[in-house]
């Protein structure tokens, strides 16, 4: 058998690129439940993200209805404190329409370099998760808003803030609307060095 360079012009590769380019942040979801088995499969796929020295610094938490209600109340409180009652009520209603809730945490480290590497690994894991869900027809939104840094949120989810921080709150569900998107030309973000 000859040792030939594999072709990069394959149907599988084009389909994979289509998934990468097609994924969108979804704001509006149908209220059809996503099977937990699919979410579990997406989490398992997420854990294959690159991570320095195989630290596997992530942890995934699903939030059920009772926790979701507490999060919605907290969201309303946070927004009301900053922008007033009307904005808080609006935000709570908007968030209540997000069907699936998943929290991804990253282990804390006193080693600054390790912390950066672990956070990068968690971000790669989240991307794996989002792409897996997207390929299955499930949209998502990855947020790192104020709630993810609020000590009350850590209490709701049961996270020890001294041991981990939130890399993201992921909302997921079947998209009601998929927005269009564009990116800069690759020539604007790529430099070939001599």
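What follows draws every value from the coordinates through simple rules; no lab data is involved. Because the structure is predicted, anything quoted here is derived from the model rather than measured. Every residue, glycine as well, gets a Cβ built from its backbone with ideal geometry; the counts of neighbours run over all protein chains shown.
Is the shape of region 35-132 best called rounded, prolate or oblate, per the rule: a/c under 1.5 gives rounded, else a/b larger than b/c gives prolate, else oblate, with a ≥ b ≥ c the square roots of the Cα gyration tensor eigenvalues?
oblate
For the chain, the longest principal axis of the Cα atoms and the long axis of helix 85-96 meet at an angle of about 50 degrees.
Would you work out the relative contact order for the chain, in percent, from Cα pairs under 8 angstrom that are 6 or more residues apart? After rounding, I find 34 percent. What is the calculated FRET efficiency for residue 186 to residue 93, with r their C-beta to C-beta distance and R₀ = 25 Å, to the nearest 0.05? The formula returns an efficiency of 0.05 here. Between 0 and 90 degrees, the angle of helix 65-83 with respect to the longest Cα principal axis of the chain falls at about 80 degrees.
If you rank 73, 118 by fewest surrounding Cβ atoms within 10 Å, what's the result?
Ordered from fewest to most neighbouring Cβ atoms within 10 Å, 73, 118 come out as 73, 118.
Helix 36-46 and the longest principal axis of the C-alpha atoms of the chain enclose an angle of approximately 50°.
Taking 7 Å steps out from each Cα toward its Cβ at residue 149 and residue 66 produces label points 3.0 nm apart. Sorted ascending by nearby beta carbons within 10 Å, beginning with the fewest, 91, 86 become 86, 91.
Which log10 I(q)/I(0) values, to two decimals, does region 90-194 give at q = 0.18, 0.20, 0.23 Å⁻¹ under the Debye formula with one point per Cα? Listed by q, the Debye log ratios stand at -1.03, -1.15, -1.27. Among 159, 147, sorting on how many other beta-carbon atoms sit within 10 Å of each Cβ, with the fewest leading, yields 159, 147.
Quick check on region 1-67: take the gyration tensor over C-alpha atoms, sort the square-rooted eigenvalues as a ≥ b ≥ c, and tell me if it's rounded (a/c under 1.5), prolate or oblate. Verdict is oblate for region 1-67.
Nearest 500 deg cm²/dmol is fine: what mean residue ellipticity at 222 nm does the chain get from its DSSP H runs of n ≥ 4 alone, each adding -39,500 (n - 2.57), divided by its residue count? Only helices count here, giving -14500 deg cm²/dmol.
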